[in-house]
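**Q** Questions regarding the structure given below will be posed in turn.
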Amino acid sequence: LQGAMFHCSAWCYEDSTATMQQVQQCIKQCHVPLAQAQAIVTAKLEHFQDRLSRCTLHCNDKAKDALEAGGTEARVRGQLDACLAACGDDHLRLVPAMAKKMKDSLAALQQ
């Protein structure tokens with residue numbers, strides 16, 4: 001996409017009769033697909049990061065609750081570590097599907 005954007009932008013200068021405003025408008029249009037692709041990737045990554053953050057917040061809440069209930073710090077630390085590891089493992093398993101969705105969305109842009 002980036003290469004296509006640069007080729008498109010270079011092509012905008014080929015029309016020697018075009019005004020500077022027309023060239024700028026042409027270049028702006030060339031950037032649209034790349035901007036759309038960046039928006040798709042950013043949105044998917046933000047969603048993934050939000051989900052991971054919610055999971056870690058849940059682990060922290062469970063740890064605070066366990067401490068308030070009288071759990072020892074060492075035991076609670078172990079439970080927190082296990083919970084955080086589970087969050088990481090769960091979210092790592094989501095990466096292939098997320099990558100496929102991103103690729104599919106990006107492929108749809110190029111059509």
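**Q** Computing the accessible area with a 1.4 Å probe over protein heavy atoms, can you report the carbon and sulfur percentage for the chain? Let's see the in-between values first.
**A** Details: 4710 of 8270 Å².
Carbon and sulfur: 57 percent of the exposed surface of the chain.
**Q** Which value, in Å² rounded to 10, gives the accessible area of LEU1 with a 1.4 Å probe and all protein chains present?
**A** 70
**Q** Enumerate the whole-percent occupancy of each 10 Å bin, from 0 to the last occupied one, for all C-alpha pair distances of the stretch 1-109.
**A** Over the stretch 1-109, the share of Cα pairs per 10 Å bin runs 13, 25, 19, 16, 13, 9, 5, 1 percent.
**Q** Oh, and also: Of SER53, SER9, which has the most accessible area with a 1.4 Å probe, and how do the rest follow in descending order? Walk me through the numbers on the way to the answer.
**A** Details: SER53 50, SER9 15 Å².
Output order, biggest surface exposure first: SER53, SER9.
**Q** Now for a different question. Excluding ligands and nucleic acids, what accessible area in Å² is computed for GLU14 using a 1.4 Å probe, to the nearest 10?
**A** Accessible area, nearest 10 Å²: 130 Å².
**Q** In square angstrom, rounded to the nearest 10, how much accessible surface does ASP104 have for a 1.4 Å probe?
**A** 80
**Q** For the stretch 27-111, with every protein chain kept in place, what is the accessible area per residue (1.4 Å probe, Å²)?
**A** On the way: 6110 Å² over 85 residues.
Ligands and nucleic acids excluded, the result is 72 Å² per residue.
The values are calculated or read from the model by the stated rules, or taken from the named source; none is laboratory data. Just so you know, these numbers come straight off a predicted model, no measurement behind them. Please note that ligands, DNA and RNA were not included when accessible areas were found on the heavy atoms of the full protein model with its side chains. Shrake-Rupley method; radii C 1.70, N 1.55, O 1.52, S 1.80 Å.
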